[in-house]
Structures are given as C-alpha cells and as structure tokens.
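Remarks on the structure that follows.
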Amino acid sequence: ATNLEYLTEYSVTVEAWDISGNLSLDDDWKFITAPKDAPILEIETPVEGASYDTPYIFVSGMTEPNIKVTVQINGRTLAPDITSLDNGAFSKLIKLDDYDNIVKFIATDAYNNTTTVTRNVYYNKPDTVPPVLNIQSPVTNSYVGDEHIMVSGQTEPGSTVVITVNGKDQGKVIVDNDGKFNHEVELLRGINEIVIRATDPAGNVTVETRIVTYDAIGPIVAIQNPPDGFTTN
C-alpha cells in the first residue's frame with residue numbers, strides 16, 4: 001500500500017479463491033496510520049545572543065519542503081507569509097525592535113503540526129541624543145573684576161567637558177559621577193567668550209556659550225564740588 005495519509009483509518013478486505021473458484025479466504029480488518037511528526041526546524045541566522053548595530057537583519061533556516069514559517073518579534077507577528085522552498089530553505093528580511101528582541105520561528109505543516117525555535121538577539125540602537133548641559137555660573141553678559149572665575153555646571157554622567165576662553169583650552173575638566181563640574185578659567189581684560197562643550201560617550205555634543213567682561217580698572221571719579229578743603233557754616 002502506498003500514498004497513505006497520516007493519522008487516517010483504513011479498512012482492508014482480503015479475498016482469495018482456489019483454482020476451482022471457491023472462496024477460501026475472506027478477511028476484513030482496519031488500521032490507523034500514525035500521526036505525522038512535527039516538522040524539523042533549524043535556524044541558521046540569527047544565532048542565540050547575537051548583537052546588531054542595524055535594525056534590519058536576514059533570518060534564515062531549514063525545514064521541510066513547502067512548510068509555512070511564521071516569524072514573531074516580542075510576541076508580534078512580522079512575517080506570516082514565508083513558505084520554505086523545495087529544498088526546505090527559507091529566509092526573510094525583518095526589522096528588530098530597539099534593544100532586546102525575542103525572535104520566535106514557528107513552522108507549521110499541512111496537518112497543523114508545529115515546531116517552534118526561539119532566539120534572543122539585541123539591537124544596539126545608536127545614541128543620537130545630545131547630552132544635557134546646564135551651566136550654573138557664570139551668567140552670560142556679566143562683569144567681573146577678577147581674572148580667575150569658576151565655571152560650574154552639570155551634564156550627562158560619563159560625558160567629557162572641554163572649556164575654552166577666547167579659543168584657548170582651559171585644561172582638563174573633572175566631571176564627577178553625577179555629571180557635575182566646577183573648573184577655574186583665566187580671563188583676558190575686556191570681553192571674553194567662554195565656550196563649554198560636553199561630549200557624551202556616544203559622541204553627541206552640546207555647546208553652551210557665556211560672554212563675560214573682565215574689568216580690572218575702577219571707574220574714574222572727578223569731584224567738581226565742593227573743592228577739597230572747603231569750609232562752610
């Protein structure tokens with residue numbers, strides 16, 4: 001018997017006659033074929049624990065010929081329309097979610113037998129947000145009478161801060177674990193442009209500028225009246 005179906009009941013009748021045409025055997029019985037095994041499913045890409053710098057990746061693998069393969073990401077179906085080729089191979093371009101991804105592959109045959117394989121992968125989404133930079137002092141357009149002043153502020157922890165005065169680097173700025181810094185700079189007489197540049201670990205930059213005038217000469221005062229030594233009643 002050939003071309004039997006899976007999980008199907010069959011009735012069989014066997015009859016035999018002798019050379020004289022007498023029916024010598026008449027037998028009936030039934031049998032049921034076994035259910036089909038779930039389809040094989042081997043995932044080639046992605047590998048477990050893979051990390052990607054792009055959200056778009058190709059998933060691929062092997063199963064039985066002409067099997068429906070569904071791909072889910074974090075419980076959401078992305079690719080319900082994959083059908084394996086005659087050799088069982090399949091592939092599909094999918095888009096990952098930001099950061100953690102649970103990628104589930106489900107192979108379903110014509111008898112609704114399913115095989116599931118899961119892969120955990122990571123999309124390392126680039127940080128494109130500039131760091132916050134809050135300058136507490138000095139106040140822009142302020143006047144000071146000392147050539148040395150403190151530049152204070154706070155930025156994103158882990159950032160690097162560079163301060164220049166009129167284009168001159170003011171040395172290494174110490175940034176604590178909370179992103180706070182307090183750095184002394186040297187001014188020139190007159191108007192000074194203080195540029196504070198914060199760069200986060202991803203290379204994003206935020207720049208703040210403060211204009212400060214350093215005036216070391218007191219104002220001229222000429223007393224016209226009364227004259228020095230003047231006496232009055």
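The values are calculated or read from the model by the stated rules, or taken from the named source; none is laboratory data. None of these values were measured; they are calculated from a predicted model. So basically every Cβ, Gly included, is an ideal-geometry build from the backbone, and we count neighbours across all protein chains shown. Ligands, DNA and RNA are excluded from the accessible area calculation, which covers all protein heavy atoms including side chains. Shrake-Rupley method; radii C 1.70, N 1.55, O 1.52, S 1.80 Å.
Could you check how much of the accessible area of the chain is carbon and sulfur, as a whole percent, using a 1.4 Å probe?
Details: 7710 of 15160 Å².
Carbon and sulfur: 51 percent of the exposed surface of the chain.
When the Karplus curve 6.51 cos²θ - 1.76 cosθ + 1.60 is applied with θ = phi - 60°, which whole-Hz ³J(HN,Hα) does each residue of the range 93-102 get, with x for Gly and Pro?
Those phi angles translate into 8, 10, 10, 7, 7, 5, 6, 7, 9, 9 Hz.
Just add up the charged neighbours of Gly179: K/R +1, D/E -1, any other residue whose Cβ is under 13 Å from the Cβ of Gly179. Don't skip to the answer; put the middle values down first.
Numbers: positive: Lys180; negative: Glu156, Asp176, Asp178, Asp200.
That works out to -3.
If you consider only alpha-carbon coordinates, what radius of gyration and Dmax does the range 167-233 have, in Å?
22.6, 78
With just the Cα atoms of the chain, tell me how far they stretch along each of the three principal axes, in Å, largest first.
In descending order, the Cα extents are 168, 36, 26 Å.
Once you have all Cα-Cα distances for the range 48-169, histogram them in 10 Å bins from zero and send the whole-percent values.
Result returned by the calculation: 10, 29, 17, 10, 11, 11, 8, 4, 1.
By accessible area of protein heavy atoms, probe 1.4 Å, what ranking do Arg76, Arg189, Arg210 get, highest first?
On the way: Arg76 105, Arg189 170, Arg210 40 Å².
Largest to smallest exposure gives the sequence Arg189, Arg76, Arg210.
Just for the chain, what percent of DSSP beta bridges are antiparallel, to the closest 5?
Details: 70 of 75 bridges.
Here the share of antiparallel DSSP bridges comes out near 95 percent.
Before I look further, what does the range 102-190 give for accessible area per residue, probe 1.4 Å, in whole square angstrom?
Details: 5230 Å² over 89 residues.
Ligands and nucleic acids excluded, the result is 59 Å² per residue.
Pull up the cross-link candidates among the lysines for Lys104, meaning alpha carbon to alpha carbon under 20 Å and not fewer than 8 places away within one chain.
The reachable lysines, counting only those whose Cα sits under 20 Å from Lys104, are Lys68, Lys92, Lys95.
For Phe58, tell me the accessible area in Å² from a 1.4 Å probe, rounded to the nearest 10.
130 Å²
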